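See below for the structure under consideration.
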Amino acid sequence: MSDVNLTIWIGSLALQMLLVSILFMRGLARRVSLFTLLLLFYIARSVLLFLLPRYVSHETFGDWYEILSYLDLALELLIATGVVIFILRRTGKQTSLSMVAAAGILIAGVALAFLVAMALPSVGPVPLDRGMAFIAALMLILSVWAALSRIRGPWIRIAQGFAVYGIGATSAGLLKSQAALRRNTHLFAIGVYGQAAVYLAVVVFWIFAIRAQPAGSPDR
């Protein structure tokens, strides 16, 4: 691992640990428990993937990476579910019409997110993460839904962060694919470090968003 990559890895780990500590200090860790769980998973995965290459073969490492990627996607889908539940609870008194409208928006959003993900190429020099693209599109749609409904809260900030990172990661994947086709190492590096920069920026955004929340209250 190069010095730059090691610095990014340490910085990412430190920021994630800081975010988790702020969640507990603000009394929000249990209120957004799925997000807290995901962050703890990220930290454990980061350490595990850092140590594994020293003890297992390349093939075994690939198997572990794939398993962890599926767990990551499953947890992110649970986060999206938490955002939906939060939005529905904040829309006020539910009538039959409003419930049908909410269900229609949700179904349309999931369908649109799926279509966006499937529109991306599945093969290439750098395979794109369709799961990430799906999560990004879904979180973006949920963020727009919340904005139109004038709903605020940490769940919405969480969704916004995932939307931004997913868009950045997908864009970086497309850039890396083009760079690989052109054998442009400089462009490829921009894609790699650009994606890392977007994630670090999102974690910083989450840190400030959580700190701005009233202690113990995730609903304002």
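Can you name the number of the only condition in (1) out of contact with any Ser or Thr (no Cβ under 6 Å at 6 or more places or on another chain); (2) under 23 Å from ALA113 (Cα atoms); (3) part of a helix (DSSP H, G or I) that LEU181 fails? Of everything listed in (1) out of contact with any Ser or Thr (no Cβ under 6 Å at 6 or more places or on another chain); (2) under 23 Å from ALA113 (Cα atoms); (3) part of a helix (DSSP H, G or I), LEU181 misses just condition (2). Residues in segment 42-80 that are more than 18 Å from the chain's Cα centre (by Cα) and of a type in the set (Asp, Glu): GLU59, ASP63.
Quick one: count up the residues across segment 4-63 that are among the small types (Gly, Ala, Ser), under 22 Å from GLY82 (Cβ atoms) and free of Cβ contacts under 8 Å to residues at least 24 places away in the same chain.
4
Determine whether segment 70-85 contains at least one residue that is of a type outside the set (Ser, Thr, Tyr) and farther than 21 Å from ALA159 by Cβ.
no
From the residues in segment 184-206 that are of a type outside the set (A, V, I, L, M, F, W, C) and assigned to a helix (DSSP H, G or I), which one is surrounded by the fewest Cβ atoms within 10 Å (Cβ to Cβ)? The extreme case among them is HIS186.
Is it true that ILE158 is at pLDDT 90 or above, crowded, with 21+ Cβ neighbours inside 10 Å and outside any loop (DSSP other than H, G, I, E, B)?
Against the criterion (at pLDDT 90 or above, crowded, with 21+ Cβ neighbours inside 10 Å and outside any loop (DSSP other than H, G, I, E, B)), ILE158 qualifies.
Answer yes or no: is there a residue in segment 212-219 that is in a helix (DSSP H, G or I) and either on the phi < 0 side of the Ramachandran plot or modelled with pLDDT under 90 (or both). There is no residue in segment 212-219 that is in a helix (DSSP H, G or I) and either on the phi < 0 side of the Ramachandran plot or modelled with pLDDT under 90 (or both). Tallying residues that are part of a helix (DSSP H, G or I) and in contact with a Pro (Cβ under 6 Å, 6 or more places away or on another chain) within segment 128-155 yields 1. When the residues of segment 7-41 are filtered to those that are among the hydroxyl-bearing types (Ser, Thr, Tyr) and under 16 Å from the mean Cα position of the chain (by Cα), the one that is surrounded by the fewest Cβ atoms within 10 Å (Cβ to Cβ) is SER33.
State yes or no: is PRO121 part of a loop (DSSP other than H, G, I, E, B), farther than 23 Å from PHE205 by Cα, within 21 Å of the chain's Cα centre (by Cα) and at pLDDT below 70? For PRO121, the condition - part of a loop (DSSP other than H, G, I, E, B), farther than 23 Å from PHE205 by Cα, within 21 Å of the chain's Cα centre (by Cα) and at pLDDT below 70 - is met.
Can you work out which of the residues in segment 125-154 that are within 18 Å of the chain's Cα centre (by Cα) and of a type in the set (D, E, K, R) is modelled with the highest pLDDT? Selected residue: ARG130.
Taking the conditions exactly as written (at pLDDT below 90, small (Gly, Ala, Ser) and over 17 Å from the mean Cα position of the chain (by Cα)), does SER171 satisfy them or not?
Spelling it out, it is not the case that SER171 is at pLDDT below 90, small (Gly, Ala, Ser) and over 17 Å from the mean Cα position of the chain (by Cα).
Comparison of ALA146, ALA179, ALA172 shows that the only residue that is surrounded by 20 or more Cβ atoms within 10 Å (Cβ to Cβ) and under 27 Å from SER33 (Cβ atoms) is ALA146.
The values are calculated or read from the model by the stated rules, or taken from the named source; none is laboratory data. This one's a predicted model, so the numbers in the text were calculated from it and none came from an experiment. All Cβ positions, even for glycine, are placed from backbone atoms using ideal geometry, and neighbour counts span all protein chains on display.
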